[in-house]
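See structure below.
The values are calculated or read from the model by the stated rules, or taken from the named source; none is laboratory data. Not measured: the values here are computed from a predicted model. Ideal geometry is used to build each Cβ from the backbone, glycine not excepted, and the neighbour counts take in all protein chains shown. Areas reflect the complete protein model, heavy atoms only, side chains present, ligands, DNA and RNA absent. Shrake-Rupley method; radii C 1.70, N 1.55, O 1.52, S 1.80 Å.
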Amino acid sequence: NGNLITTSSYLLTMKLGSKVIGASNTSFVDGPVKKTGNTGFVYPVGKNYSYRPIEISAPSTTTSEFTGEFMSDTIMVNTGSRDTTLGFLQRNNYWKLNRNSGASTVYITLSWDSQNSLVDTFVSVASWNGSQWKDLGKQIATGSSYSGTVKSNTVASNYNEFAIGYQANSPRTAFMSCAAIGNAVELQACLISSGGTGSRYLNIAQSFSLDDPSVELPLIIERGVTLQGHVGGVATKW
């Protein structure tokens with residue numbers, strides 16, 4: 001009942017065979033959690049009134065140790081450096097998962113909720129390898145765009161940062177025109193998919209509200225991106 005605040009110096013360690021039950025939006029660990037052992041584990045982590053667990057499959061040894069933490073910021077770090085199969089990344093919400101002991105490789109399952117809902121459902125698990133976001137694919141996805149989980153199709157080879165990625169061949173990234181944005185969901189998707197590629201104009205085609213429940217505020221606008229609307233047929237830059 002309530003949140004447990006941890007740090008790297010004041011760490012919650014779940015020993016071999018231990019379990020967690022009862023985590024929710026009002027009861028989670030805000031900070032890192034270390035798990036020891038050879039069983040799968042759902043890290044009961046979150047931030048800002050949002051429970052956002054990350055799950056690992058069973059490591060191969062009883063001495064394996066992994067530390068997981070959910071992070072929330074407004075910095076789309078290195079999102080332009082990614083596999084070509086990734087259309088864009090939701091890096092403003094991500095997880096740190098470090099392998100502290102052993103050489104076990106595990107499958108990764110990420111989560112989302114109504115406070116951080118999906119832009120579309122064509123998702124993948126993305127892993128930062130130090131220089132590029134790698135696409136770990138999608139083995140299983142459960143739930144809806146407002147609440148659910150996605151499990152990687154391959155085990156991770158790097159244990160650093162993990163984020164929800166959107167596939168480059170998804171209907172939204174394939175057919176949505178950022179030259180004629182017509183609603184708040186499309187606006188958020190175009191802003192995220194800009195990928196830090198330099199000077200770019202996004203054009204608003206009609207009036208709309210930002211109160212769509214699947215839109216996460218504040219909207220992130222990367223450097224070099226200009227929103228352009230039309231008032232009375234005249235282009236106005238934002």
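A few remarks follow.
- Leading residue by the ranking (nearest to Ile220 (Cα to Cα)) among those in the stretch 82-123 that are open to solvent by 30 Å² or more (accessible area, probe 1.4 Å) and assigned to a strand (DSSP E or B): Arg82
- Pairs meeting the criteria (first residue in the stretch 12-25 and within 26 Å of Ser114 (Cα to Cα), second residue assigned to a loop (DSSP other than H, G, I, E, B), beta carbons under 7 Å, at least 6 apart or on different chains) are Val20/Pro44; Ala23/Pro44; Ala23/Pro53; Asn25/Tyr49.
- Residue that is nearest to Val150 (Cα to Cα), among those in the stretch 38-63 that are open to solvent by 10 Å² or more (accessible area, probe 1.4 Å) and aliphatic (A, V, I, L, M): Val42
- Evaluated against (1) farther than 22 Å from Asp73 by Cβ; (2) open to solvent by 10 Å² or more (accessible area, probe 1.4 Å), Gly130 falls short on exactly one condition, (1).
- When Arg52, Arg91 are screened for being in contact with a helix residue (DSSP H, G or I) (Cβ under 9 Å, 6 or more places away or on another chain) and at pLDDT 95 or above, only Arg52 passes.
- Screening Lys35 with (1) open to solvent by 10 Å² or more (accessible area, probe 1.4 Å); (2) free of Cβ contacts under 8 Å to residues at least 60 places away in the same chain; (3) not β-branched (Val, Ile, Thr) gives one miss only, at (1).
- Meets criteria (aliphatic (A, V, I, L, M), out of contact with any Pro (no Cβ under 6 Å at 6 or more places or on another chain) and touching a residue at least 60 places away in the same chain (Cβ under 8 Å)) for Val125: no
- Thr79 fulfils the conditions (1) in a loop (DSSP other than H, G, I, E, B); (2) over 13 Å from the mean Cα position of the chain (by Cα); (3) not acidic (Asp, Glu) except for a single criterion, (2).
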